[in-house]
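Taking it in order: structure first as structure tokens, then the write-up.
The values are calculated or read from the model by the stated rules, or taken from the named source; none is laboratory data. Everything quoted here is computed from the prediction, not taken from an experiment. FYI the Cβ positions are ideal-geometry reconstructions off the backbone, even for glycines, and counts take in every protein chain you see. With ligands, DNA and RNA removed, areas are computed over all heavy atoms of the protein, side chains included. Shrake-Rupley method; radii C 1.70, N 1.55, O 1.52, S 1.80 Å.
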Amino acid sequence: MHTTNQGIIVSGGSRGLGLHLVQRLLEQGNRVATFARSRTEDMDRLSVAYPEDFHFSEVDATDVDGITKFFAAVSDKFGRIHSVVNNAAIGQDQLLMHTDVETVKSIVDINIVGPTILTRAAVKHMMLEGGGNIVSISSICGSRGYAGLTVYAGSKGYLDAMTRSLAREVGEAGIFVNCVAPGFFESEMSSVLRPEQLATIKRRTPSGALSNDENIFKVVDLVVSGTTNMQGQVVFVDGGITS
Ligand SMILES: NC(=O)c1ccc[n+]([C@@H]2O[C@H](COP(=O)([O-])OP(=O)(O)OC[C@H]3O[C@@H](n4cnc5c(N)ncnc54)[C@H](OP(=O)(O)O)[C@@H]3O)[C@@H](O)[C@H]2O)c1
């Protein structure tokens, strides 16, 4: 059973994992909207390939007004929004003692305030529409430590905690709230890892392999399909490194 014929918002779909989620959800016959701070060639390509079913706008995840207007424009175009995937985030590659306050604030703004604003808009819409699915892309760092990712890890732990409480607030309205927490996978964000760090991670991973975009998509697809009764959970997609 896969997700089809839904209206879906994926934040940060211009590249990396978000782009893969957007493409695969479109291929399965959904209407998909995404935003990022800047437009990429892939966004132009998808606008041509799916003129009715794809929507992209340049929006900053921390711009409350921008998110509200984006949500309204997407629901005008697609009608009901069945699922929202909080994917947009920024990373970190610095010990806390070297991290300046501006960097701390921007990680908090983008990785915490951003998904909270989008989730709030989703909850209001889904309450009126009779339910939906909210999935946040967390990280194994939300529940396991990694040096150099202290603030980033805190932001992902926030998403895990938000998910558990929100599930209790909105579960009765038929809204399912979950996190998918990948281990490291290849993208611009993880390109800061040195080859020897990647080799160590692979060696410590029971499956012997890092997850890829498609592994993570399969789990997101299942969670947003609305067929699982999974509620308030954090699902790890990490080859067993947290086991
Ligand atoms: N890569 C990993 O190893 C890894 C592991 C575990 C979890 N994750 C999580 O997986 C998700 C995707 O990561 P990724 O590696 O695919 O990242 P990525 O390649 O860096 O892509 C991030 C996306 O988010 C957008 N974005 C960033 N800041 C934004 C903002 N302020 N407003 C709107 N859009 C914004 C980016 O576009 P713009 O920059 O143009 O705005 C881009 O589309 C993230 O939540 C990340 O924390 C990643």
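Since residue 25 meets every condition but one in (1) surrounded by fewer than 17 Cβ atoms within 10 Å (Cβ to Cβ); (2) in contact with a strand residue (DSSP E or B) (Cβ under 8 Å, 6 or more places away or on another chain); (3) under 25 Å from residue 225 (Cβ atoms), which condition does it not meet?
(1)
Could you look through region 1-22, keep only residues that are within 16 Å of the ligand (Cβ to nearest atom) and in a loop (DSSP other than H, G, I, E, B), and pick out the one that is surrounded by the most Cβ atoms within 10 Å (Cβ to Cβ)?
Checking each candidate, the answer is 13.
Looking at this structure, is residue 65 in a helix (DSSP H, G or I), open to solvent by 60 Å² or more (accessible area, probe 1.4 Å) and more than 10 Å from the ligand (Cβ to nearest atom)?
So residue 65 fits the description; yes.
Just to be sure I understand the filter: pairs with C-beta atoms under 7 Å, separated by 6 or more residues or on different chains, first member in region 227-243 and basic (Lys, Arg), second member open to solvent by 40 Å² or more (accessible area, probe 1.4 Å). Which pairs pass?
Close Cβ pairs (under 7 Å, with a partner that is open to solvent by 40 Å² or more (accessible area, probe 1.4 Å)) do not exist here.
Across region 121-153, what is the total count of residues that are under 23 Å from residue 211 (Cα atoms), of a type in the set (Gly, Ala, Ser) and in contact (Cβ under 8 Å) with a residue 40 or more places away in the chain?
Within region 121-153, residues that are under 23 Å from residue 211 (Cα atoms), of a type in the set (Gly, Ala, Ser) and in contact (Cβ under 8 Å) with a residue 40 or more places away in the chain number 7.
If residue 94 satisfies every condition in (1) within 13 Å of the ligand (Cβ to nearest atom); (2) not in a helix (DSSP H, G or I) but one, which is the exception?
Residue 94 satisfies all of (1) within 13 Å of the ligand (Cβ to nearest atom); (2) not in a helix (DSSP H, G or I) except (1).
Only one residue in 221, 213 is under 25 Å from residue 74 (Cβ atoms), acidic (Asp, Glu) and in contact with a Ser or Thr (Cβ under 6 Å, 6 or more places away or on another chain). Which one?
From the options 221, 213, the qualifying one is 221.
Are any of the residues in region 193-202 within 15 Å of the ligand (Cβ to nearest atom), open to solvent by less than 40 Å² (accessible area, probe 1.4 Å) and touching a residue at least 60 places away in the same chain (Cβ under 8 Å)?
no
Which of the residues belonging to region 150-185 are among the charged types (D, E, K, R), more than 23 Å from residue 242 (Cα to Cα) and touching a Gly at 6+ places or on another chain (Cβ under 6 Å)?
Within region 150-185, no residue meets the criteria.
Quick check: is even one residue across region 214-223 touching a residue at least 12 places away in the same chain (Cβ under 8 Å), open to solvent by less than 60 Å² (accessible area, probe 1.4 Å), under 17 Å from residue 15 (Cβ atoms) and in a loop (DSSP other than H, G, I, E, B)?
No, region 214-223 contains no residue that is touching a residue at least 12 places away in the same chain (Cβ under 8 Å), open to solvent by less than 60 Å² (accessible area, probe 1.4 Å), under 17 Å from residue 15 (Cβ atoms) and in a loop (DSSP other than H, G, I, E, B).
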